[in-house]
Amino acid sequence: MFGTRTGCAHVLLCPFPTSGHIIPMLDMASLLLSRGLKLTVLVTPTLLHLLDPVISRHASSGSVQPLVLPLPSVHRTSNLPWPLEDMYALCDLAGPITDWFRSHPSPPVAIISDFFLGWTHRLATDLGVPRLVLESSGAFGELIFTSMLRDLPKADDPHDDESFVHFPKLPNSPKCPWWQLPHLYRLLNVEDPDWEFFRNSWLCNSQSWGAIVNSFDELEGPSLNQMKKEMGHDRVWAVGPLLPSDGDRTAPSKRGGTSSVPVHELISWLDCKPDGSVVYVCFGSTWTLTDEQVGSLAGALDSSGVDFVWVVKKDDVVSIPDGFDERTKGRGFMINGWAPQVQILSHRAVGAFVTHCGWNSFLEGIAASVLMLSWPLGADQFTNTMMLVDQLGAGVKFCNLGNRAVPDSAELARLLAESVNEKGWAEERARVRKLRKSAVEAVKGGSSAKNLNALVKKLNELVA
Ligand code: UDP
C-alpha cells in the first residue's frame, strides 16, 4: 500500500483488457514509474501475468500495485459485436473500484483509462478526481471516430457501400468509402440501445479532463491540434510511440504474452539471413483472414521465394495448403500463436512487414523502419492505412479488400518479392526512415519526452 508523499502523484490506470490496449497502457506505466509516479493498475485475473514484468522491475520501490478485479459476466442473449460485451461488463467494476478508492489511505489523484472505458469519466467525476483518456489509436483515428459518433455522417449514396463518407471538419477533409468505416458504426442501428451505449461512452472521451495519445507531434501535429480544439483545452499530450522501455527489452518476449516459440531459435534463424531480406507477416492480436485468404497468402509466400516469418492463429493452420512447410523449408519460419513482434521487427534481417495496420503495429513498424505492406481488416485499420500510404507516402497497400474478397495470389507474390528488393519503393523506404528518426528524437528528449514531463508535472500538481 502506498504511503503519502507530497508532490508524487498516485494514479489509477484502467486498461481495456485486450492486448492491443493493455500493451500501450503498460508501456506508458513504465514511463510514468520512471518519473516517480505511484501507480495502481486495474487488471483482470487472467491478464495479471502481463503486469509481472512491470511489477518485478519496480519491486524494490513497490511503486506499482495491481488492483485485481474479475471481469463481471454479461447476461445478454443477443450476440454483441466486439468490443461491446466487454464494454458492458466492465461498467460493473465502478462499484468495486469506488469501494477500493474510498477505503484507500492515499487514493489516486487521477484516473487514466482506455478510450473504450468512457464510463470512467463519470466514475472519476463521482470520486472527485480528473480522468485522462489514453488514446489507444492515434489522433487521426480518434478524430474520425469522434466525428462519426458525434456528427453521424452518411455515405454519399446510402445504397452503395463503395460511396464515400466525408469528414470536412478534420485536417485535409479526409473521405473514406462507407464499407471501410469501423464495423460498430456500420452495423449498429441508431435506435438500438447498444448503439446509444457505445456512442455515449465514446463521447465521454472528449469531455475528459485530459488526453494522452500514443503518437508524436511530428507525426500528427495537425490532428493533435484539432483534438485540443475539439476538447476545448490544451491538456492533450502526445507521448509516443509507446514501446517497451529499455528494461523490457531484456525480456521483450513477455510483452503482451509469452512467445509461442523459443525466442533464441527464432533469433538464430534470423541471424543467418541477410540484412532486410525477411518479410514479417502478422495481423495483430485478434484479427484473422478468411480461409481462402490464408490460402492465397500461403500461395504468395510460397511462389515469391522470399524469406518470411509468418504468425498464424490456430484456425489459420487448416487453410494452409498441403506441402507448404516442405516447399518453404529453410526460408519460412512459422509461429502458431504469440510472436515477440517488437523484437522481430527490430532485427536487422527484417525488411518488410505485412500488417493489418493496427495502431500499435503501425508505430512499431515506423520505429523499426521497415517497409509496411498494409492489409487492413477493420476498426481503425483502414484510416491508419490511409494515413500511412496516402498521407505520409511511407507504406504500400498490399491488399485493400479487407475480408470481403480473396486477393490474387500472383499479385501478392509480386509485391512480396518487391518489398525485400532495395530498389522497390525507394521513396517509401526513405520516408519511413525519416519517420523513424523523428520518432526516436521525439522520445529521446524531443517532443514526446517534453510532453511526458509536462503531463507528469500536471499530475503531481494534483497532489494536495
Ligand atoms: N503483438 C505481438 N505478438 C503477436 C501479435 C501482436 O507482440 O503475435 C503485439 C503487437 O506488437 C502490438 C499489439 O500486439 O503491440 C497489437 O496491437 P495492434 O494495435 O497492432 O493490433 P490489434 O491486435 O489491437 O488489432
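Results for (1) within 16 Å of the ligand (Cβ to nearest atom); (2) more than 24 Å from the chain's Cα centre (by Cα); (3) at pLDDT 95 or above, shown as yes or no for each residue.
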position: 3; (1), (2), (3): no, yes, no
position: 6; (1), (2), (3): no, yes, no
position: 41; (1), (2), (3): no, no, yes
position: 54; (1), (2), (3): yes, no, no
position: 59; (1), (2), (3): no, yes, no
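From the list 120, 98, the one residue that fits, being within 17 Å of residue 209 (Cβ to Cβ), modelled with pLDDT of 95 or more and among the polar types (S, T, N, Q), is 120. Looking only at segment 408-426, residues that are in a helix (DSSP H, G or I) and either of a type in the set (Val, Ile, Thr) or more than 26 Å from the chain's Cα centre (by Cα) (or both) come to 8 in all.
Given the structure, is residue 407 within 10 Å of the ligand (Cβ to nearest atom) and touching a residue at least 24 places away in the same chain (Cβ under 8 Å)?
On the way: within 10 Å of the ligand (Cβ to nearest atom): no; touching a residue at least 24 places away in the same chain (Cβ under 8 Å): yes.
Judged against the criteria, residue 407 is not a match.
Residue check: is residue 153 touching a Leu at 6+ places or on another chain (Cβ under 6 Å), in a loop (DSSP other than H, G, I, E, B) and either crowded, with 18+ Cβ neighbours inside 10 Å or free of Cβ contacts under 8 Å to residues at least 40 places away in the same chain (or both)? Spelling it out, it is not the case that residue 153 is touching a Leu at 6+ places or on another chain (Cβ under 6 Å), in a loop (DSSP other than H, G, I, E, B) and either crowded, with 18+ Cβ neighbours inside 10 Å or free of Cβ contacts under 8 Å to residues at least 40 places away in the same chain (or both).
Residues are listed down the side, and each one gets a yes or a no for (1) within 16 Å of the ligand (Cβ to nearest atom); (2) under 24 Å from residue 83 (Cβ atoms):
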residue: 267; (1), (2): yes, no
residue: 272; (1), (2): no, no
residue: 282; (1), (2): yes, yes
residue: 286; (1), (2): yes, yes
residue: 292; (1), (2): no, no
residue: 298; (1), (2): no, no
residue: 303; (1), (2): no, no
residue: 308; (1), (2): yes, no
residue: 318; (1), (2): no, no
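Residue-level analysis places residue 243 outside the set of residues that are within 16 Å of the ligand (Cβ to nearest atom), assigned to a helix (DSSP H, G or I) and not small (Gly, Ala, Ser). The set of residues from segment 170-205 being part of a loop (DSSP other than H, G, I, E, B) and without any contact (Cβ under 8 Å) to a residue 24 or more places away in the chain comprises 173, 189, 191, 192. If you check residue 352 against the conditions, is it touching a residue at least 12 places away in the same chain (Cβ under 8 Å) and more than 11 Å from the ligand (Cβ to nearest atom)? Against the criterion (touching a residue at least 12 places away in the same chain (Cβ under 8 Å) and more than 11 Å from the ligand (Cβ to nearest atom)), residue 352 qualifies. The selection criterion, being assigned to a helix (DSSP H, G or I), under 24 Å from the mean Cα position of the chain (by Cα) and of a type outside the set (Phe, Trp, Tyr), holds for residue 146.
Conditions tested, residue by residue: (1) surrounded by fewer than 19 Cβ atoms within 10 Å (Cβ to Cβ); (2) free of Cβ contacts under 8 Å to residues at least 24 places away in the same chain.
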| residue | (1), (2) |
| --- | --- |
| 9 | no, no |
| 25 | no, no |
| 32 | no, no |
| 40 | no, no |
| 43 | no, no |
| 72 | yes, yes |
| 94 | yes, no |
| 99 | yes, yes |
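The values are calculated or read from the model by the stated rules, or taken from the named source; none is laboratory data. The model shown is predicted, which means the values in this text are computed figures rather than measured ones. Note that we place each Cβ from the backbone using ideal geometry, even for glycine, and neighbour counts take in every protein chain shown.
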